[in-house]
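Notes for the one structure printed next.
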Amino acid sequence: MAAVNLGSTGGSADAGAATTPTRGRKPAPAASAPCAVGAIVPGATRAAQSGAEHVTEPVAYDAILLAGFGGPEGQDDVIPFLRNVTSGRGIPDERLEEVAHHYRHFGGTSPINEQNRVLKAALEAELASRGIDLPVLWGNRNWDPYLNDALGEAKAAGYTKLIAIATSAYSSYSSCRQYREDFADALEDTQLGDVIEIDKVRQFFDHPGFVTPFTEGVRDGIAGLLAENPGLERSEIEVLFATHSIPSTDAAKSGPAERGFGEGGAYAAQHRAVAEVVMRDAAATDVPWQLVYQSRSGPPSMPWLEPDINDAIEELPAAGRKAVVIVPLGFVSDHMEVLWDLDNEAIETAGEHGLAAVRVPTPGTHPAYVAGLVDLVLERVNGTPVAERPALTELGPWYDVCRPGCCENVRLGFRPALAGIAP
């Protein structure tokens, strides 16, 4: 079972700092989201209120809102953090303690908060190097500093127009819409709905800044295995692109239904498309690969996306494979689900089956990734025409404003959310 198997996904599911007192609390679910007269996108700037797929009107934003998942920073934080992650699901603390041992193993500390501190600093340095005067606020969905803390900072500084970056690249409920819902929660909690407007950059799964670190990692991973294992053939290596599994029903609802993404919805389609680009650009089209999933949770009777990475690894020797490159394609940093589920469990499974294995890095603070995030912000600042926006797959560039009905949580239905056409 994974580190946050009770509700996290891709991107920012979580070394770190010492325990510090929390400044705030996770906001309660919003009853509604503020919507200007005549607008169809709640909480948006005037440029985005009409719900255009791509907003090409420039916007003078006051600040960037870096939105993270959050993670505990001490043993006393672990259970309260997991309560936040599973809020509303009625899971007893005894059950939460079953997954808490992953955090206990690392002293109760998830690396994700420190990683986001470093990412925030890297963004600030990149902005400064370009002469861009945009402060970066940081708030988390599930732990201190919370999103409502960040909005409080914005109010104190007089910032009224924010452009958000969610630390998750793909489309699904938990990797996109849930962030948008939490923006609405934070606005209602702070009673700043009539003061602060929040837009969000597009999902960046196929932006060169996000993809380049993986391409480099696959190229280096294959080369390293060949160098360290004399006689190993390229055809004997399998590249496993790993991402967080999600319920099949939620996957089917990811992305606009009218685009017909097929099994797994936009979530699976985006990952497959990016994996193809990575293998092509890494000059590795002759190396076998597959998309696999990790960190599933929920009752066994509930279908989730498959195959599980460990099941896939177990089958590789019979297919003639002798080595495996593990690519954490669904994640932006080395949070707990990468450190535990991949570096611990998947690498151990590979060793048990006689496979040489390497795990390539996540984007983290790779210069291309940091620069790419700033470029995504500038798309909205400058109102960049869609034809001039980089996208490495035919699926993108993705929408600036999420489409109606996109990424529904089938279990919970639609809750108020920003940065998308309601519902």
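Taken over segment 140-188, the criterion of being aliphatic (A, V, I, L, M), surrounded by 22 or more Cβ atoms within 10 Å (Cβ to Cβ) and either in contact with a Phe, Trp or Tyr (Cβ under 6 Å, 6 or more places away or on another chain) or assigned to a helix (DSSP H, G or I) (or both) is satisfied by L147, A150, L151, A154, I163, A166, A169, A184, A186, L187. Do the conditions hold for L127, that is, is it closer than 22 Å to T167 by Cα, hydrophobic (A, V, I, L, M, F, W, C) and in a helix (DSSP H, G or I)? Spelling it out, L127 is indeed closer than 22 Å to T167 by Cα, hydrophobic (A, V, I, L, M, F, W, C) and in a helix (DSSP H, G or I). When the residues of segment 296-337 are filtered to those that are of a type in the set (S, T, Y) and closer than 15 Å to S248 by Cβ, the one that is surrounded by the fewest Cβ atoms within 10 Å (Cβ to Cβ) is S301. Please tell me if G71 is buried (at least 16 other Cβ atoms within 10 Å of the Cβ), of a type outside the set (D, E, K, R), at pLDDT 95 or above and part of a loop (DSSP other than H, G, I, E, B). Yes; evaluated as a whole, the condition is true for this residue.
Within segment 211-265, the set of residues being closer than 22 Å to W340 by Cα, assigned to a loop (DSSP other than H, G, I, E, B) and hydroxyl-bearing (S, T, Y) comprises S245 only.
Residue-wise test of (1) of a type outside the set (S, T, Y); (2) touching an Asp or Glu at 6+ places or on another chain (Cβ under 8 Å); (3) buried (at least 17 other Cβ atoms within 10 Å of the Cβ).
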residue	(1), (2), (3)
L355	yes, no, yes
V377	yes, no, yes
E388	yes, no, no
P397	yes, yes, yes
P404	yes, no, no
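Close Cβ contacts (under 8 Å, 6 or more residues apart or on different chains) running from residues in segment 295-321 that are closer than 20 Å to H271 by Cα to residues that are assigned to a loop (DSSP other than H, G, I, E, B) and among the charged types (D, E, K, R) comprise W304/R296; L305/R296; D308/R296. For segment 376-405, residues that are small (G, A, S), in a loop (DSSP other than H, G, I, E, B) and over 19 Å from the mean Cα position of the chain (by Cα) total 2. Pairing residues of segment 77-99 that are over 15 Å from P29 (Cβ atoms) with residues that are modelled with pLDDT under 90 and surrounded by fewer than 17 Cβ atoms within 10 Å (Cβ to Cβ), at Cβ distances under 6 Å and at least 6 apart in sequence or on separate chains, gives V99/M1.
When you look at T249, is it closer than 28 Å to P328 by Cβ and in contact with a helix residue (DSSP H, G or I) (Cβ under 6 Å, 6 or more places away or on another chain), yes or no? Criteria not met by T249.
Here E238, E233 are screened, and the one residue that is under 18 Å from G330 (Cβ atoms) and at pLDDT 95 or above is E238.
The values are calculated or read from the model by the stated rules, or taken from the named source; none is laboratory data. Note that this is a predicted model, so its numbers are computed, not measured. When we count neighbours, we look across all protein chains shown, and the Cβ atoms used for this are built from the backbone with ideal geometry, even at glycine.
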